[in-house]
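The values are calculated or read from the model by the stated rules, or taken from the named source; none is laboratory data. Everything numeric in this text was worked out from a predicted model, so none of it was measured. Cβ placement follows ideal geometry from the backbone for every residue including glycine, while neighbour counts extend to all protein chains displayed. Just so you know, the surface numbers come from the protein's heavy atoms only, side chains and all, with ligands and any DNA or RNA stripped out. Shrake-Rupley method; radii C 1.70, N 1.55, O 1.52, S 1.80 Å.
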Amino acid sequence: QVQLVESGGGLVQAGDSLRLSCAASGSTEDIYAMAWFRQPPGKERTRVARISWRGGYINYADSVKGRFTISRDSAERMYLQMNNLEPDDTAVYYCAAGLKVGSYEYWGQGTQVIVSS
């Protein structure tokens, strides 16, 4: 079992920056990759960024490339640095952990990000 706890959401203005954190605990040695997803109001949840947990391979959704940065530290925390935020970035952001390619078995509770214009 892996437990995930997000923090760092809030209300900001367009152009501002925000950093989300996700603390992983439990059987973290089993994690293959972690990712940030987001779900805007009334829309489906989509993946924003992904990082392979041991190799550090990273990829981003086109909508956030150049503005968002995913990273991790040695203390089993994952981060999402979000710069130049736009109103379309408004969503509930979730961190997720997967034990194998293409799957995410564990999810955090979500943190709300609201970007006002």
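Write down Rg/Rh for the chain, rounded to two decimals, with Rg from the C-alpha atoms and Rh from the Kirkwood relation over Cα pairs.
Reported Rg/Rh (Cα atoms, Kirkwood Rh): 0.95.
Keeping all protein chains in position, work out how much accessible area T69 exposes to a 1.4 Å probe, and write it in Å² to the nearest 10.
Surface accessible to solvent at T69 totals approximately 70 Å².
If you roll a 1.4 angstrom probe over the protein chains with everything in place, what fraction of the accessible area of the chain belongs to carbon and sulfur, to the nearest %?
C and S fraction of accessible area: 47 percent.
Could you sort D89, D73 by accessible area so the largest value comes first, with the probe set to 1.4 Å?
From most exposed to least exposed: D73, D89.
Provide the solvent-accessible area of K43, counting protein heavy atoms only and rolling a 1.4 Å probe, rounded to the nearest 10 Å².
Accessible area, nearest 10 Å²: 130 Å².
State to the nearest 20 debye the size of the charge dipole of the chain about its Cα centre, where the only charges are +1 on K and R beta carbons and -1 on D and E beta carbons.
Magnitude of the dipole: close to 180 debye.
With an 8 Å cut-off on Cα pairs and a minimum separation of 6 or more residues, tell me the relative contact order of the chain in percent.
37
So for the range 17-117, taking the charge dipole from beta-carbon charges (+1 Lys/Arg, -1 Asp/Glu), which of I114, S25, V101 sits furthest toward the positive end?
Of the options given, the answer is V101.
Give me the one-decimal Kirkwood hydrodynamic radius in Å for the range 61-106, with the sum taken over alpha-carbon pairs.
With all distinct Cα pairs of the range 61-106 included, I get 12.5 Å.
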